[in-house]
Every structure is written in C-alpha cells, then in structure tokens.
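Peer 1: Before I ask anything, here is the structure I am working with.
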Amino acid sequence: LLNGTPRKNSHPVLDNFRVEKTTLSPDLKEDEVLVKTLFLSVDPYMRCRMNDDTAADYLLPWRLGECADGGGVGVVEASRNEVLATGDIVTSFNWHWQTRNVINGYLLRKIDPRMVDGHLSYVLGAVGMPGLTAFLGVREKGHVTPGANQTMVISGAAGACGSLAGQIARLDGCEKVIGICGTDKKCQALVSELGFTAAVNYKKGDISAALRESCPRGVDVYFDNVGGPISDTVISQMNSGGHVILCGQISQYNKDVPYPPPLSKETQEDLCSKNITRERFMVLNYMDKHEEGLLQLSQWVKTGQIKVLETVTNGIENMGVAFCSMMMGGNTGKQIVKISD
Ligand code: NDP
C-alpha cells in the first residue's frame, strides 16, 4: 500500500510503502478472473504516481492507504471470463501489488510462454513494455541507417530500456554504441556481455572527456533516459543533424518540475544551431506497433541476439525495497520482483 508520499524534491523511501493482509472475496462476478501473481514490475514512472499531481494525463496518482498497481504477470486460478481459463498465463498494466488479484478479464492479456522461452518475467522487461520502449524509440525517433557509420550514446544504459536500446541500435546498424551508467560493474557488463563499444561511469571522473575519447567523430543519436547535466554533456558533443530520442528524464523525477523538464538555455541553443531533433517519445502512442514489436523482440531474445539482464528481488513485502533501489541505481537490467513460483 502507499503509506506516504516522498518529501518534496526527495527520493522515495521504504516508509512510503507498507504491507497489509486482506482477504479476497471468493465469489467472482461475471468477467472477473482470479490470478496468482508470479512477477511484479517496478518502474520509474511510478515515482510520478506517488505525487498528487502526476504531471502526466495518462498517469493516475496512487492514493494514500490504497494498494499500488503496475505491470504484473501471473497465472489464472479461476475465471468467469469467456476467453481466459484456469492455467492461462496473463499480464496486465493494472496488476495490484498483491499475491492474488481479482481482475476484470478485459484488463488482462494472455501470454504464450513460448514467446519468452518460458522466462515469464521477460513479459515485464525485454518482451514487454521496456523492450517495446527501446525498440520503438530507436525505430521511430533514432533515424538509424545501416552503413552510415553512426555513433549512438545511451544514458541509463544498464537499465531495462537502456540495456536493450544499445543492443537494438547495434542490430539496426549503428557502428558504435556507447553506454553511460552509474557503476564500473555495470560498465563492464555493457561491454563484455551486451556488446556495447564502450561505457562511461558518470559518477567517476570527467564524462565529457570520456565521451570525447569514445566518440571521436561526435554523437549522431542519443537515447536519453536520464536528462539533466548528463544529457547536456552528450548533446554538446552531438553532430549537426543528429537525433535525440527523448525517452525519459529519471534524474529529474524526484524534483517538482513538469515533464519534460525545461532545458538549459545553452542546450536549447545547441539543439537549435545544430538542427538536432528532440521529439518526445511515448511507447503508449504506438499501440498499433506493439504486437509486431513483441514478436521481433521475442525472436531476438530466443536466438540470443539480445541478451537479457535482470535484477530479481523476492517477496511482496519487498516491493518498496525494489522500487527505491531501482530509483537509486541498484538494478542492472530490468528490476523484477518475484512473488511466487
Ligand atoms: P531502469 O531499469 O533504467 O532503472 C532506472 C535507472 O536510472 C537506475 O538503475 C539508475 O542507473 C538510473 N538513474 C537513477 N537516478 C539517476 C540519475 N539521477 N542520473 C542518472 N541516472 C539515474 O528504468 P527503465 O529502463 O524502466 O526506465 C528508463 C527510462 O525510460 C526512465 O526515464 C523511464 O521513465 C523511461 N521510460 C519511458 C517510456 C516511454 O514511453 N517514453 C517507457 C518506459 C520507460 P545508474 O546506476 O546508471 O544511475
């Protein structure tokens, strides 16, 4: 449950969440489905749902004292829905942070476990919303052209979307893929496990110099997950006619600013003088491309062309722990919470 809201301009803390026992009514109404939760997702957008004003019309705030919800995957235990039967694997964006849920069937999507080679948590990551965000972000806003010798920089590169975006950029024909993230260990994973060309730890040393060294011909495409000073630095090294994929701005989510947060005058001038596009990207605006996107992601994952990294936390009582940790960079790859076997 949401137990409290973070202090103004502050990180979420464990005390913002609490666990309570309740009993679900055993009687299902027409169309209702009883599901057992297998995995739950914690995502950066949830930070906005902790505020009374989420600053986004597609996001409703979580209410104090009420159960939080988000992405989940589970198995049907009983159903009064025509299409869903006991044993089906299903997912929803409206999954309550509960070990069992009674959900209306129309809010559930049935999953073929073969799509994820049996790794059901991937439904919340590489073959789910973060995967689509990386894939459609690159395809719709990246202007990647094979053979054009492009360099792409990705911030938040060791996270769910970033780790996939870099691999997709490479598959789509980027010559160099450079990641920016918060620890040396993450940098190492990007290069040695995921095939990034190089990686920069933004918490150590001079990012500007490190980027200049790994992108000697400048930056053509920037997949921006974080915003703030990191993005100012990347944009200052972009080539004319480049493209920023404005995916997210996590460095600003604990601040009381609108989305997208305003840019510094310098960065704005940089974009303008170099004719760099920076269009807002929203995965939910491409619903018609989701099915095809999931098929492509599934294929890449199954053939091993995309490697999936996950950080798994156990137990419903640790939802708050996992969320706060993810917001502070505790995850490598997708942060998942395993609820039951
Ligand atoms: P991640 O798995 O990337 O987790 C968040 C990561 O952000 C952390 O691991 C941390 O890594 C990094 N981070 C946290 N604070 C800061 C900071 N102040 N400066 C720099 N990095 C920070 O989350 P997702 O992949 O789910 O989301 C990534 C971004 O994509 C978010 O901005 C999110 O809002 C956005 N998004 C956008 C969507 C869209 O439709 N446009 C859809 C889904 C996500 P580190 O150790 O590197 O600091």
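Values in this text are rule-based calculations from the coordinates and carry no lab data. Keep in mind the model is a prediction, meaning the values are calculated, not measured. Here the Cβ positions follow ideal geometry from the backbone for every residue, glycine too, while neighbour counts run over all protein chains shown.
Peer 1: So what J values fall out for the stretch 216-230 if you push phi through Karplus, 6.51 cos²θ - 1.76 cosθ + 1.60 with θ = phi - 60°, rounded to Hz, Gly and Pro as x?
Peer 2: x, 9, x, 10, 9, 10, 10, 8, 9, 9, 10, x, x, x, 4
Peer 1: Report the trypsin sites (Lys or Arg not before Pro) located in the stretch 1-90 that are in a DSSP loop and have at most 13 other Cβ atoms inside 10 Å of their Cβ, or state none. Intermediate values should be presented prior to the final figure.
Peer 2: Working: sites: Arg7, Lys8, Arg18, Lys21, Lys29, Lys36, Arg47, Arg49, Arg63, Arg80; in loops: Arg7, Lys8, Arg18, Lys21, Lys29, Arg63, Arg80.
Taking the stretch 1-90 and a limit of 13 other Cβ atoms within 10 Å, the loop trypsin sites (Lys or Arg not before Pro) found are Arg7, Lys8, Arg18, Lys21, Lys29, Arg63.
Peer 1: Same structure, new question: Applying a 10 Å radius around every beta-carbon, put 50-58, 66-74, 158-166, 114-122 in order of their mean neighbour count, most first. Mind showing how you got there, number by number?
Peer 2: Working: 50-58: 12.9, 66-74: 21.6, 158-166: 29.8, 114-122: 17.9.
In decreasing order of mean packing, 50-58, 66-74, 158-166, 114-122 become 158-166, 66-74, 114-122, 50-58.
Peer 1: Counting alpha carbon pairs within less than 8 Å and at least 6 residues apart, what relative contact order, in whole percent, applies to the stretch 271-341?
Peer 2: Values: 47 pairs, mean separation 19.8, N = 71.
The normalised contact order for the stretch 271-341 reaches 28 percent.
Peer 1: Just want to confirm a number: the relative contact order over the chain, from Cα pairs under 8 angstrom separated by 6+ residues, in percent. Walk me through the intermediate numbers first.
Peer 2: Details: 728 pairs, mean separation 65.1, N = 341.
Rounded, it is 19 percent for the chain.
Peer 1: Simple spin-label model, 7 Å along Cα-to-Cβ: Lys255 to Glu269 in nm?
Peer 2: Once both label points are built, they end up 2.0 nm from each other.
Peer 1: Pull up the DSSP beta bridges for the chain and report the antiparallel fraction as a percent, rounded to 5.
Peer 2: On the way: 25 of 52 bridges.
Once the DSSP bridges in the chain are tallied, antiparallel ones form about 50 percent.
Peer 1: Please work out the Cα center distance from the stretch 127-153 to the stretch 198-250, rounded to the nearest Å.
Peer 2: First find each Cα centre; the distance between them is then 15 Å.
Peer 1: Could you give the distance between the Cα centres of the stretch 42-62 and the stretch 267-294, to the whole Å?
Peer 2: Each part's Cα centre sits 21 Å from the other's.
Peer 1: May I ask you to evaluate 6.51 cos²θ - 1.76 cosθ + 1.60, the Karplus curve with θ = phi - 60°, for each residue of the stretch 111-116 and list the ³J(HN,Hα) values in order in whole Hz, giving x for glycine and proline?
Peer 2: 10, 8, x, 5, 4, 10
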